[in-house]
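Everything on this sheet refers to the single structure shown next.
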Amino acid sequence: MKHEEKYLRMTFNERIQHFLLLSSFITLVITGFALKYPEAWWVAWGPKVFGQYAFELRGLIHRIAAVIMVAASIYHLLYVIFTQRGRKLVADLWFYRQDITDLLESLGYITGKKKDRPKLGRFSYIEKAEYWAVVWGTVVMGATGAVLWFQNIFLPIINVSGMDIATAIHWYEAILASLAILVWHFYFIFLNPDVRPMNKAWYTGFLTRHQMENEHARELEEIEAARKSETVKES
């Protein structure tokens, strides 16, 4: 079988950042919902396994995961500020007029009004929305989580009503974030027909040419145009 060319999607550094975010987020979801629904079947076995300290252990794991997520977020912030690839990443993830065109063309393709799917760049409007939603969610969850964690400090300042508001925001943002990942992000990683059974870029770092042609055709054209330009210069 002919070897298919691979295209770099995520460097090792970026994959580490993604893994820290992924693992801490899943841990936070499990331990957070376990607190809200202690009688659920997947939570009830906890005391049977960990005994009387199950609740305290859940809280400890939740806080450790929160610290890991915040640390990973700070590292990512430093990465996008102080590295050339990081700055390019943010520039490519920003919204431009082309994203509106891509959205309209995608709707036309999905509804059958357009024959060909739009050629998308390095990041589609969907991926951009996901990224900035994660940024927003991390800030909101981090801030409200800190208020709830250090309630002895914040309670005298914002009183009981403020604590209740922080709790509500933390809870509903957790639901929104969980649904966004499970329903939206996981679809494009595992269920999308173009990548099934899984988009492996999150751990291999590379996409195949087939994936590039289907998901990032405009970026592929830019890569090939740059290669031709370099070849002309060398000759």
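The share of Cα pairs per 5 Å bin across the stretch 12-54, counted from zero up to the longest distance, runs 5, 21, 19, 19, 12, 10, 9, 5, 0 percent. Working from Cα positions, state the angle (0 to 90°, nearest 10) between the long axis of helix 97-110 and the longest principal axis of the chain. Once rounded, the angle reads 90 degrees.
Under the combined filter of DSSP loop state and at most 12 neighbouring Cβ atoms within 10 Å, the stretch 1-73 retains these GluC sites (Glu not before Pro): Glu4, Glu5, Glu39. Accessible surface ranking for Trp132, Trp94, Trp41, Trp149, 1.4 angstrom probe, highest first: Trp41, Trp94, Trp149, Trp132. Rounded to the nearest 10 degrees, the inclination of helix 151-179 to the longest alpha-carbon principal axis of the chain is 40 degrees. Looking at the stretch 1-100, the trypsin sites (Lys or Arg not before Pro) that sit in a DSSP loop and have at most 12 other Cβ atoms within 10 Å of their own Cβ are Lys2. When shorter helices are ignored and each DSSP H run of at least 4 residues is given -39500 (n - 2.57), the per-residue value for the chain at 222 nm works out to -24500 deg cm²/dmol. The tail of the calculated P(r) for the stretch 172-230, taken as Cα-Cα distances beyond 15 Å, holds 61 percent of the pairs.
Filter Lys36/Lys88; Lys6/Lys115; Lys6/Lys114; Lys115/Lys200 down to the pairs with a C-alpha to C-alpha distance above 32 Å, please.
Table pairs above 32 Å Cα-Cα are Lys36/Lys88.
Accessible surface calculations at 1.4 Å, restricted to protein heavy atoms, place the stretch 39-194 at 68 Å² per residue.
Summary value for the chain: 27 percent relative contact order, contacts being C-alpha pairs under 8 angstrom separated by 6+ residues. Taking only alpha carbon atoms, the stretch 28-134 gives an Rg to Rh ratio of 1.21, where Rh is the Kirkwood radius.
Heavy atoms only, probe 1.4 Å: what % of the accessible area of the stretch 1-120 goes to carbon and sulfur, would you let me know?
69 percent
Ordering Ser178, Ser23 by accessible surface, largest first, gives Ser23, Ser178; the 1.4 Å probe counts only protein heavy atoms, with every chain in place.
If you take the alpha carbon atoms of the stretch 107-235 and fit the smallest convex hull around them, that volume is 177 Å³ per residue. The alpha carbons of the chain stretch over 71, 37, 36 Å along the principal axes, in descending order. Taking all protein chains together and rolling a 1.4 Å probe, Thr204 ends up with roughly 50 Å² accessible.
The values are calculated or read from the model by the stated rules, or taken from the named source; none is laboratory data. Computed from a predicted model, the values in this text were never measured in an experiment. Don't worry about glycine lacking a Cβ; one is built from the backbone with ideal geometry, like all the others, and counts go over all protein chains shown. The protein model used for the area step is the full one, side chains on, heavy atoms only, and it has no ligands, DNA or RNA in it. Shrake-Rupley method; radii C 1.70, N 1.55, O 1.52, S 1.80 Å.
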